[in-house]
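The values are calculated or read from the model by the stated rules, or taken from the named source; none is laboratory data. Just so you know, these numbers come straight off a predicted model, no measurement behind them. Every residue, glycine as well, gets a Cβ built from its backbone with ideal geometry; the counts of neighbours run over all protein chains shown. Only protein heavy atoms, including side chains, enter the accessible area calculation; ligands, DNA and RNA are left aside. Shrake-Rupley method; radii C 1.70, N 1.55, O 1.52, S 1.80 Å.
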Amino acid sequence: MAPEESVLRLAEIISSGKGFDPDNIQDELIRVGVPSSLAAQTFHFTQIAWGRFYLNGLGIRFPSDYTCFNGNGDVVDSGILAAQPHFVAAMKIAPRFAQTPGFQFLAFTSAAVQSVNSALNNGSRPENLVMGPPCIFLQEPTPQGVEKARRYLSQRIHAAAERAGNSPSVHGQKPWWKFW
């Protein structure tokens, strides 16, 4: 099944007005013919796309990349969002569904919208916000998988800080959070 078709089926399910159970949306996708191997990608990348669509125009800076993990915390996919077929398909149809309650539910429950909302409630200005890349578990994560993914992300953040010259090791300073 093409990503455009699976994303459209998701949009129709959540925008039908019949109600849906957000905890079982992937099962519902499978019930309407989306292959189980695509259900998680369809849901997660549509949620990311619609969250970004909703936040568009606020001046928030978003990274271009993404990372997907399996349940054990192994990286199973990564790349540029603008080339991810489900994300592209979801962005393409977002204007068509933007005024529906289903769109709003999916967008509002995205990690980006939740993070931005929290930052704005704490006094941040949207044009000063820089988001991290979306990271997705395509399977139910194990506790060990969550920890492995956290270590991966921590290493990635540290490496990016070093490249940007923001690492304490670059300047010979102690990290602010160490008390010695």
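For segment 5-81, would you read off the P(r) tail past 22 Å as a percentage of all alpha carbon pairs? Can you show the working numbers first?
Details: 985 of 2926 pairs.
Summing the P(r) tail past 22 Å for segment 5-81 gives 34 percent.
No solvent, one uniform scatterer per C-alpha: report log10 I(q)/I(0) for the chain via the Debye equation at q = 0.14 1/Å, two decimals.
-0.85
Hey, what's segment 1-156 come to in accessible area per residue, 1.4 Å probe, Å²? Write down the numbers at each step before the final one.
Working: 8360 Å² over 156 residues.
That works out to 54 Å² for each residue.
Is it possible to state the helix-based mean residue ellipticity at 222 nm for the chain, with each DSSP H run of 4+ residues giving -39500 (n - 2.57), the sum divided by total residues, to the nearest 500 deg cm²/dmol? What is it? Can you show the working numbers first?
Details: 8 runs with 97 residues, N = 180.
Result for the chain: -17000 deg cm²/dmol, rounded to the nearest 500.
Under a plain spin-label model, where a point goes 7 Å from the Cα along Cα-to-Cβ, how far apart in nm are SER118 and VAL32?
So the two model labels end up 3.0 nm from each other.
Whenever you get a sec, compute what percent of the accessible area on the chain sits on carbon and sulfur atoms (1.4 Å probe). Don't skip to the end; give the middle numbers.
Numbers: 5620 of 10570 Å².
Answer for the chain is 53 percent, counting heavy atoms of protein chains only.
At a probe radius of 1.4 Å, what is the per-residue accessible area of ASP74, in Å² to the nearest 10?
Rounded to the nearest 10, that gives 50 Å².
Alpha carbon centre of segment 88-130 versus segment 16-80: separation in Å?
13
Assuming 0.36 nm per residue, please report the length gained on full extension of the stretch THR109 to HIS158 beyond their Cα-Cα distance. Intermediate results must be reported in sequence, preceding the final value.
Numbers: separation 49, 0.36 × 49 = 17.64 nm, distance 2.79 nm.
Net length gain for the segment: 14.8 nm.
Could you work out the relative contact order of segment 1-120? I mean the mean sequence separation of Cα pairs under 8 Å and 6+ apart, divided by the number of residues, in percent.
Working: 129 pairs, mean separation 41.6, N = 120.
Answer for segment 1-120 is 35 percent.
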